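Inspection log for the structure reproduced underneath, given as structure tokens.
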Amino acid sequence: MTLQPPAIATDRPRRRTILLVEDEPFVRDATRNILEHAGFEVLSAADAQEAARVYEECHRGIDLVMTDMVLRGRSGQQLGRDLRERSPQIVILVTSGYGNAEYEIEAPESRSYFLAKPYSRRTLIEKIETILETAVLQQAAGRAG
């Protein structure tokens, strides 16, 4: 009789990874805490330059980039454009405390989303879950079509 190793459960979903880009330490730490308690793995960066470095090292494992609109040196939108040049399928969530309508444009077909600050814990998690669900559906449709 040959002993077989125990079966490893593979039906457990992979933990989703978010690259959080926020230059305000308090907001970054609070948001990281919210996301980790919701079950996400979080990589964080204090500015666009650091975010680009983290993304370069880990991009294949990052499911979503969540960035503040206003960062020192480079805007969140510019960061998103730079990252999209490397990875066209990247999913980006831009957040901002400014109420300008020009920032409130969402383009799910291009995997770009917006969330106004301040947001509640529930709103943040629901938004991210919806975005990631949409991204999975888009990937499946792309493979089928």
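The values are calculated or read from the model by the stated rules, or taken from the named source; none is laboratory data. Here the structure is a predicted model, which means the values were calculated and not measured. Virtual Cβ from ideal backbone geometry, glycine too; neighbours counted across all protein chains shown.
Among all residues of the range 72-91, there is none that is under 15 Å from the mean Cα position of the chain (by Cα) and within 19 Å of S120 (Cα to Cα).
Just one of the listed residues (L35, L115) is under 20 Å from R16 (Cβ atoms) and at pLDDT 95 or above, and it is L35.
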